[in-house]
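Each value in this text was obtained by applying a stated rule to the coordinates, not by laboratory testing. Please read these numbers as outputs of a predicted model, since none were measured by experiment. Positions of Cβ are generated from backbone atoms using ideal geometry, with glycine treated the same way; all protein chains shown enter the neighbour counts.
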Amino acid sequence: MKPWSARDLPDSLSGICSATTQSLGEGAVTGADLLRSPVDLKTLESTHYNHGEWFFGVGAHPKWLGYTLGYQMVGRWLASVGEIDAATWINVPADDIVASALEEGIVVL
């Protein structure tokens with residue numbers, strides 16, 4: 001197993017917080033790919049998962065899938081609510097973002 005490096009982490013937060021063109025997690029899996037293979041809500045809610053598989057592509061999922069899914073979920077929620085203030089950003093319930101992902105079809109029941 002190769003040693004872990006900070007370069008292995010996507011810079012998705014910097015993509016959200018700054019004017020960068022694309023974070024690593026943003027382009028790993030397309031939105032169309034997520035719609036063709038949506039994530040089951042029970043799987044998303046599970047606390048027992050293979051972190052390496054979801055986030056680093058070790059196993060059945062493509063590399064960065066977990067980061068891309070989160071990026072798409074938040075991005076689609078933001079598109080649905082429009083301009084928001086900082087208080088909303090930090091206090092939004094996860095259930096609101098999951099509900100938006102369900103409506104968008106990237107997460108299914």
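Listed values, structure above:
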{"item": "Projected label distance in nm at Val58 and Thr30, using a 7 Å step from Cα toward the beta-carbon", "result": "3.0"}
{"item": "Under-5 Å amide H pairs with Gly57, H placed in peptide plane, nonlocal only", "result": "Trp64, Leu65"}
{"item": "Burial ordering of Ser100, Ser46, Ser37, fewest other beta-carbon atoms within 10 Å first", "result": "Ser46, Ser37, Ser100"}
{"item": "Residue-wise HN-Hα coupling along the stretch 47-55, computed from phi with Karplus coefficients 6.51, -1.76, 1.60 (Hz; x: Gly, Pro)", "result": "8, 10, 8, 8, 4, x, 5, 6, 10"}
{"item": "Charge sum, other residues only, whose C-beta stays under 15 Å from Val98's C-beta, Lys/Arg counted +1 and Asp/Glu -1", "result": "-4"}
{"item": "Under 5 Å, built H, 5+ apart or other chain: amide partners of Val108", "result": "Val39, Asp40, Leu41"}
{"item": "Integer Hz, Karplus 6.51/-1.76/1.60 couplings in order for the stretch 56-71, x for Gly and Pro", "result": "10, x, 8, x, 6, 9, x, 4, 6, 4, x, 5, 5, 4, x, 4"}
{"item": "Which of Tyr49, Tyr67 has the fewest Cβ neighbours within 10 Å, and the rest in rising order", "result": "Tyr49, Tyr67"}
{"item": "Tensor-based shape of the stretch 23-108 (alpha-carbon gyration tensor, a/c under 1.5 rounded, otherwise prolate or oblate)", "result": "prolate"}
{"item": "J(HN,Hα) series, the stretch 75-85, from Karplus relation 6.51 cos²θ - 1.76 cosθ + 1.60, nearest Hz, glycine and proline x", "result": "x, 5, 5, 4, 5, 7, 9, x, 5, 9, 8"}
